[in-house]
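Peer 1: After the structure tokens below, expect a handful of questions from me.
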Amino acid sequence: MATKKQFSRRQFLKVIGGGTVAATAALAGCKKGGEGNSAHDDYKRQVEPPVGKMTFRENPKDKQKVSLLGYGMMRLPTEKKGEKEEIDQEMVNKLVDYAIEHGVNYFDTSPAYCMGFSESSTGIALHRHPREKYFVATKLSNFDPSTWRREEAIKMYHNSMKYLQVDYIDYYLLHAIGGGGMENLHQRYLDNGMLDFLIKEREAGRIRNLGFSYHGDIEVFDYLLSEHEKYKWDFVQIELNYLDWDFANEINSDNTDARYLYDELRKRDIPAVIMEPLLGGRLANLPQFLVTRLKKRDPEKSVASWAFRYAGTPDGVLTVLSGMTYMEHLKDNLLTYSPLRPVSKEEEEFLYEIAKEIVGMETIPCNDCKYCMPCPYGIDIPGLFVHYNKCKNEGRLPVENMDEEYRKRRREYLIGLDRAVPKLRQADHCIGCGQCEPHCPQNIRIPRELHKLAEFVETLRRNPDNFPDEA
């Protein structure tokens with residue numbers, strides 16, 4: 001991977017590697033609920049989840065029981081303090097307390113989450129509980145070339161323990177392998193000896209389980225699994241949901257279907273940790289006609305619960321991660337997994353029919369994970385994609401000027417865009433530098449999509465009566 005495509009993270013990851021975290025005006029990856037189940041109608045009649053009913057899965061290595069619901073600490077609640085958005089630690093504490101009370105014991109974080117503040121916030125919240133009450137997972141998030149040096153990567157590893165206030169890490173991951181292909185894997189983990197170092201840390205007991213999270217080039221995934229006898233992977237984190245199971249490649253030709261990833265892990269009896277069960281919230285924010293179909297099948301359950309049930313059903317799934325920003329998200333997921341009602345074969349086929357409908361809508365496959373951020377030119381990349389997808393999913397995209405609703409939809413789209421994303425952060429400011437693209441787990445060709453959006457918006461603004469058929 002070309003170094004020039006990565007220096008946008010240099011200063012941030014240097015700071016993390018050096019042991020201090022600078023305050024920032026915006027906490028990318030925090031408040032905007034991503035995996036959050038944001039269909040608010042589902043929460044109006046929400047009941048309290050039961051205590052003592054959580055479904056657990058056994059780690060085959062140490063026989064410890066892991067909650068099927070894992071807490072992803074990527075999107076933490078924030079509060080306004082002066083001109084800055086800061087993590088709302090009091091709310092994080094409440095969420096963690098409630099989760100532990102109801103059986104959640106797996107908490108997943110990273111040095112890169114919430115602009116570097118997630119690990120320390122997670123550590124504050126968890127340290128108030130007995131160490132045996134929780135498993136903590138974090139990652140070697142050495143994305144920037146300055147952290148490929150062995151000493152800097154080791155510093156990041158030790159800082160994680162310091163921020164999390166622990167003397168061992170239960171689940172440690174090589175973060176987002178696959179991006180940049182085999183060359184990037186060698187630079188980040190192999191040539192600098194970091195994988196060998198982490199294996200020795202596992203032998204010493206400071207890492208209890210060693211694995212990796214996969215995004216991107218399938219050659220890297222296949223290579224690491226082919227070396228399983230050498231590395232003894234204790235778990236692997238993959239993206240799995242009812243859309244990606246068979247249609248990931250149709251959404252983006254560079255992606256690999258979840259069925260293949262899951263099957264390869266099962267062949268080797270490697271437990272799977274599941275990320276993106278809702279595809280960044282996309283499977284909770286479906287078009288109304290799909291919501292109606294799901295509600296007809298089970299009126300009392302949330303739209304999101306279908307995706308969580310699906311992700312938690314397969315054998316070999318150790319835990320399913322959810323970035324739960326709000327208490328209602330947490331409660332809804334607790335209701336789904338306390339206990340889990342596995343998806344039946346008939347329900348599975350029903351969900352695949354829903355997936356086929358989603359594939360046909362041709363949205364931008366953005367999960368709002370914010371790995372592409374910060375943009376060095378200030379563009380709110382996920383904000384732009386989310387706004388476009390929302391209008392597309394809801395059938396409110398102004399795509400045909402012969403439509404009697406065109407003028408109304410055009411006005412709504414432009415006003416909504418300006419409210420969601422300030423004009424200085426919109427797509428027309430993209431210069432095509434490409435620094436964002438290597439970090440995208442969905443392999444979106446981000447500059448190309450931004451330029452298409454910029455052209456789309458410019459056409460709307462310039463001439464409301466002359467609009468192309470395609471955005």
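The values are calculated or read from the model by the stated rules, or taken from the named source; none is laboratory data. Note that this is a predicted model, so its numbers are computed, not measured. No Cβ is skipped: glycine too gets one built from the backbone with ideal geometry, and neighbour counts run over all protein chains shown. Ligands, DNA and RNA are stripped out before the accessible areas are found, and what is left, the full protein with its side chains, is counted by its heavy atoms. Shrake-Rupley method; radii C 1.70, N 1.55, O 1.52, S 1.80 Å.
Peer 1: What's the local net charge at LEU424, with K and R +1, D and E -1, over the other residues with C-beta under 13 Å away? The partial results should precede the final answer.
Peer 2: Working: positive: LYS423, ARG425; negative: ASP380, ASP418, ASP428.
Summing Lys/Arg as +1 and Asp/Glu as -1 gives -1.
Peer 1: May I ask you to derive the relative contact order of the range 297-415, considering only C-alpha pairs under 8 Å and at least 6 residues apart, and to give it as an integer percent? Don't skip to the end; give the middle numbers.
Peer 2: Numbers: 63 pairs, mean separation 19.4, N = 119.
With pairs under 8 Å counted, the relative contact order is 16 percent.
Peer 1: Now, a different point. Applying the Karplus parametrisation 6.51 cos²θ - 1.76 cosθ + 1.60 with θ = phi - 60° to the phi angles of the range 274-284, what ³J(HN,Hα) value in whole Hz is obtained for each residue in order, glycine and proline being reported as x?
Peer 2: After applying 6.51 cos²θ - 1.76 cosθ + 1.60, I find 9, 10, 6, x, 10, 6, x, x, 4, 7, 9 Hz.
Peer 1: Oh, and also: In Å², what does the accessible area per residue of the chain work out to with a 1.4 Å probe?
Peer 2: Numbers: 19570 Å² over 471 residues.
Accessible surface, normalised per residue, equals 42 Å².
Peer 1: Run a plain Debye calculation on the range 62-107 (Cα atoms as equal point scatterers, no solvent) and give log10 I(q)/I(0) at q = 0.14, 0.20 Å⁻¹, rounded to two decimals, same order as the q list.
Peer 2: Normalising to I(0) and taking log10 leaves -0.43, -0.70.
Peer 1: Taking θ = phi - 60°, what integer Hz values does the Karplus form 6.51 cos²θ - 1.76 cosθ + 1.60 yield along the range 263-273, in sequence order, with x for Gly and Pro?
Peer 2: 4, 5, 5, 5, 4, 10, 6, 9, x, 10, 9
Peer 1: With the full set of protein chains in place, find how many percent of the accessible area of the chain is carbon and sulfur; take the probe as 1.4 Å. Before the final figure, lay out the partial values.
Peer 2: Working: 9790 of 19570 Å².
The C+S portion of the solvent-accessible surface of the chain is 50 percent.
Peer 1: By a straight-distance test (C-alpha under 19 Å), which lysines pair with LYS81 as possible cross-link partners, with residues fewer than eight away in the same chain excluded?
Peer 2: Cα-Cα hits under 19 Å: LYS31, LYS32.
Peer 1: What whole-number distance in Å separates the alpha-carbon centres of the range 321-351 and the range 414-455?
Peer 2: After rounding, the separation between the Cα centres reads 32 Å.
Peer 1: Around VAL317, under 12 Å between beta carbons, what's the net of Lys plus Arg minus Asp minus Glu among the other residues? Present the calculation step by step, with values, prior to reporting the outcome.
Peer 2: Details: positive: ARG57, ARG266, ARG309; negative: GLU58, ASP315.
Once positives and negatives cancel, what remains is +1.
Peer 1: Quick one: Debye curve from the C-alpha atoms of the range 224-304, no solvent, what's log10 I(q)/I(0) at q = 0.12, 0.22, 0.23 Å⁻¹?
Peer 2: So the normalised log intensities are -0.46, -1.03, -1.08.
Peer 1: Would you mind checking the range 274-304 for residues with the amide N under 18 Å from a putative spin-label position 7 Å along Cα→C-beta of GLU346?
Peer 2: 293-301
Peer 1: Quick check: Cα centre of the range 146-190 to Cα centre of the range 49-68, how many Å?
Peer 2: If you average the Cα positions of each part, the centres end up 27 Å apart.
Peer 1: Over 21 Å apart: what share of the alpha carbon pairs of the range 160-281 falls there, rounded to a whole percent?
Peer 2: On the way: 2987 of 7381 pairs.
The answer is 40 percent, as a whole percent.
Peer 1: Average the reciprocal distances over every distinct pair of alpha-carbons in the range 346-406, invert the result, and give the Kirkwood radius in Å. Don't skip to the end; give the middle numbers.
Peer 2: Values: mean 1/r = 0.0718 Å⁻¹.
Here the Kirkwood hydrodynamic radius works out to 13.9 Å.
Peer 1: Shifting gears a bit: Work out, step by step, the length gained on full extension between TYR223 and TYR406: first 0.36 nm times the residue separation, then minus their alpha carbon distance; give nm to one decimal. Can you show the working numbers first?
Peer 2: Working: separation 183, 0.36 × 183 = 65.88 nm, distance 5.06 nm.
Net length gain for the segment: 60.8 nm.
Peer 1: From Cα pairs below 8 angstrom and at least 6 apart in sequence, can you work out the relative contact order of the range 162-315, rounded to a whole percent?
Peer 2: Working: 193 pairs, mean separation 29.5, N = 154.
Value for the range 162-315: 19 percent.
Peer 1: Among the listed pairs LYS230/LYS331; LYS94/LYS162; LYS295/LYS452; LYS155/LYS390; LYS331/LYS392; LYS53/LYS392, give every one whose C-alpha distance is greater than 32 Å.
Peer 2: Working: LYS230/LYS331 41 Å; LYS94/LYS162 22 Å; LYS295/LYS452 35 Å; LYS155/LYS390 41 Å; LYS331/LYS392 29 Å; LYS53/LYS392 39 Å.
Going by Cα-Cα distance, LYS230/LYS331; LYS295/LYS452; LYS155/LYS390; LYS53/LYS392 fall outside the 32 Å limit.
Peer 1: Could I ask something else about it? What percent of all Cα-Cα pairs in the chain falls in each 20 Å bin, counting up from 0?
Peer 2: Result, from short to long distances: 25, 60, 15, 0 percent.
Peer 1: Right, here's the next one. By accessible area of protein heavy atoms, probe 1.4 Å, what ranking do THR147, THR256 get, highest first?
Peer 2: Details: THR147 0, THR256 35 Å².
Output order, biggest surface exposure first: THR256, THR147.
Peer 1: Which whole number of Å³ per residue matches the convex hull of the alpha-carbon atoms in the range 315-420? Don't skip to the answer; put the middle values down first.
Peer 2: Values: hull volume 18.8 nm³, N = 106.
It is 178 Å³ per residue.
Peer 1: In deg cm²/dmol and to the nearest 500, what is the mean residue ellipticity at 222 nm of the chain if only DSSP H runs of at least 4 residues count, each as -39500 (n - 2.57), divided by the residue total?
Peer 2: So the helix-based figure for the chain works out to -11500 deg cm²/dmol.
Peer 1: Using the alpha-carbon centroid of each, what span in Å lies between the range 89-104 and the range 383-397?
Peer 2: 33 Å
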